[in-house]
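Rule-based calculations on the coordinates, nothing more; no lab input. Small disclaimer: the values here were computed from a predicted structure and weren't measured. Here the Cβ positions follow ideal geometry from the backbone for every residue, glycine too, while neighbour counts run over all protein chains shown.
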Amino acid sequence: MRRITFSLIMLLAAAMVLAACGGSTAPAADNSSDDVAGAIGNAEETPAATVAASDSAEAATDTTEETSDSATGEATMDGGVVILPVVDPLTVEGDVVSAGSSTVFPLAEAVAEKFNSEGYAGTITIDSIGSGAGFERFCVAGETDVANASRPIKDEEIAGCEAIGRSPIEFRVGTDALAVVTNPENDWAADATVEELAAIFTAEKWSDVNADWPAEDILRYVPGTDSGTFDYFVEAVFEEDPEPLLSAPNTQFSEDDNVLVIGVEGSPYAVGFFGYAYYTENSGKLNILNIGGVEPSFESVEGGDYALARPLFIYSDAAIMSEKPQVAAYVNYFLSNVNDVIEEVGYFPSSDEALNAAKDKWSEAVGQ
Amino acid sequence: MSSNVNAKPNTLKAESAGSLALPRPGIRRPSNVSGGGSGNQDLSKQFRLGEAVIQFLLMVCGALSVLTTLSLIFVLLWESSKFFTAAVQPIVSFREFFSGTVWQPRIEQFGVLPLLNATLMVSGIAMLVALPLGLFAAILLSEYAPPRLRAALKPILEVLAGVPTVVYGYFALTFMTPSIRGLISTLSAVGPFAVILILAAIAALTWFLLTTGARRKARETADSQSNGGALILLGSLTGSVFFIGLLAAIGSLIFGSTVQIYNTASAGIVVGILVIPLVASMAEDALGAVPVALREAAYGLGGTRLETTLSVVVPSALSGITAAFIIAISRAIGETMIVAIAAGAGPKLTWNPFDSAETITGHINRISGGDISYNSIDYQSIFALAALLFFMTLLLNIFSRWIMRRFREVY
């Protein structure tokens, strides 16, 4: 009796496992056949759609041919956005080596992941070593194909590049901004200059920053020391010296942004900062400070008016891109797809103009 | 696919047949022995493969846990020795480590006191909660509870022990902290004089309920209408309210009325709740080990149940109860998730339980979560902290064993 029940249970379990396996594959097949049927149905009803569909199919085959012979193709305009020839990751061969800013790193990683998931079989190396070190490896050692940077290249770095026969091309890929936030009950601080920020993040009481503000302890919630956000804040507000911020009283550090949000929510005398993306998720619970009278927004961040924002770039070189078609394909793919992933990573997308300019530079470099 | 489904039961049958075949040698053996007729001596000398395999497996299991402990100690000592020697810059001396009052590895400040202080504070508050509640629960379970109540209470206590500590962490952050804030702000709004009056009133009410309850309980056999038990229960409840109010009042008088969102008080209280089952079950074992003869002797001398419990049973079991407390302290010191979520994330040397501070475990948890690089002083500092924690709990465990041995009453 027991054995019968046992084998029944096992049978049931096996059946369920098989059903689960079947479940994941079979419906997918169903869907695709449905889609085909739907497409055919649509085609019969609306001839225009079939034309468009076959057009795009043709375009797709065209571009695969083009990318297979080293990605030379015409860029097209569509609604004010430059469309570069579509990269087919399946046909791209060879590895790409890049290094540079730790801020660009998560963005580059997200793009590379997408590139790989769409079929690119090579390896994209992304070293997170800082913008300066990235230029060093690109311009002096000449080891990398792409340099990631969270600041524009300096003149002496360009000179270094030219000394080894490289002329760096700048591609703007996005913008990073920090949000300085306070509790909604905080009605005294709505605006701060960078100097005031330095005071707010070091002083003991609010009244020490401004005599009109309450004589209460400032409770600080700061991203952990291992984060790029911490480094950037220290760079922008404390001139790269972390000591004042680290030795400030009543300061909590956490790599977990949620801990910071809960902390700032928890007291009217709290203040904190983190990536702007995280503020937008919690905008109802927090106040955001204007920096020097400028409210962080797409425009102010793009134009460079907001003090706690910095552009994100990748750099490459025309000769490298024509020698190594995979680098041209990677940069093309980066520029064409960056806006699909950038908000997920937590940065501001660049304006259409900046992105168009970057794409034009790519076309020019590859067309040479 | 369908053929697969059919194939499954077949293989199953084969397997079960195979597993049935296994015990056969075992069954054969006794008949062998009785056939030989040479008795026990032969049985012990005979080499039995199954027995040897099982013995070997058991030995491996035992050795594995010992090996794990040894390798753990080795890694801790090895990595933390790098912290105190010149392997990585800068060198941190023992003196700096144990006397510095700032812990901030990024700017080369390595004073463990703020972390140690927070750890001891959380454990201290936890023991304030777990000591009385755990001991009372143990006394109730071992001395007072009728079998049916005991059967209902025991599983509930065990459920308390099985709650994941992450859940406790968020319980502390989203329930305990707001409760403490509410209590403290109400107390400070009412004012110290009114608080004293209210507390005195509650104390008087408790006293009244408990004494009348006990008096009625004593008459229970004569008067079936009496509800002394209910009065005692009510009295205990108001008594708890009195103690919570008293603690909160003293706390707000000493430390002020601002409670941070992350604070050691709520983390400590919840860690206390976490270790109550541990204290209760170990203390109950100790109380249960006291011979019934001792209780009967006390009753024979005219002692009530309370007198018997407090002056005979508890003192006899004191060594076991103390050991339970010490084990609970070492558990509280090592607790990580609750303090990581609720106690705060910045090292701070403070005595204020309403202030946020980071414990050793919380700091290790936070730092190891970031992308910290190997062979950096930050990385080694984690091992130094872990070694410190290890020695603290090791010492406490050794101490509790010593107390068990030294003060155990042998009957």
With the charge dipole of the range B:233-343 built from beta-carbon charges (+1 for Lys and Arg, -1 for Asp and Glu) about the Cα centre, the Cα from B:294, B:251, B:272 projecting farthest to the positive end belongs to B:251
Placing one equal point scatterer on each C-alpha of the range B:227-291 and summing with Debye, one gets log10 I(q)/I(0) at q = 0.14, 0.28 Å⁻¹ equal to -0.72, -1.08
Most exposed to least, judged by fewest other Cβ atoms within 10 Å, B:339, B:129, B:259 sort to B:129, B:259, B:339
Ranked from fewest to most other Cβ atoms within 10 Å of their own Cβ, B:264, B:393 fall in the order B:393, B:264
Residue A:280 and residue A:155 label points (each 7 Å along its Cα→Cβ direction) are spaced in nm at 3.7 nm
Going residue by residue through the range B:316-328, the Karplus relation 6.51 cos²θ - 1.76 cosθ + 1.60 with θ = phi - 60° gives ³J(HN,Hα) values, rounded to whole Hz and with x marking Gly or Pro, of 5, 9, 4, 4, x, 5, 4, 4, 4, 4, 5, 4, 5
Expected integer from the mean partner chain Cβ neighbour count at 10 Å over B:96-104 is 1
Expressed in µm² per second, the diffusion coefficient of the range A:194-290 from the Stokes-Einstein equation, with Rh the Kirkwood radius over alpha carbon pairs, at 10 °C and 1.306 mPa s, is 117 µm²/s
Between residue B:148 and residue B:398, the FRET efficiency computed from the C-beta separation at R0 = 56 Å comes out, to the nearest 0.05, as 0.90
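Once you keep just the Cα pairs under 8 angstrom separated by 6 or more residues, what percentage relative contact order results for the range B:266-386?
Numbers: 102 pairs, mean separation 28.5, N = 121.
Over the range B:266-386, the number comes to 24 percent.
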Relative contact order of the range A:177-303 (C-alpha contacts under 8 Å, at least 6 apart) in percent is 42 percent
Mean other chain Cβ within 10 Å across B:390-398 is 0
So the FRET efficiency between residue B:69 and residue B:108, C-beta based with R0 = 56 Å and rounded to 0.05, is 0.95
The FRET efficiency for residue B:349 and residue A:193, from their Cβ-Cβ distance with R0 = 22 Å and rounded to 0.05, is 0.10
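Sorting B:262, A:315, B:170, B:379 on the 10 Å Cβ count, fewest up front, what's the list?
Values: B:262 31, A:315 28, B:170 15, B:379 18.
Exposure proxy ranking, most exposed first: B:170, B:379, A:315, B:262.
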The simple spin-label model distance between residue B:55 and residue B:158, using points 7 Å out along Cα→Cβ, in nm, is 3.4 nm
Taking every C-alpha to C-alpha distance in the range B:42-154 and binning by 10 Å from 0, the per-bin percentages run 11, 17, 16, 20, 20, 13, 3, 0
Dipole check, the range A:177-303, charges on Cβ (K,R +1; D,E -1), about Cα centroid: among A:230, A:247, A:289 the Cα furthest to the positive pole belongs to A:289
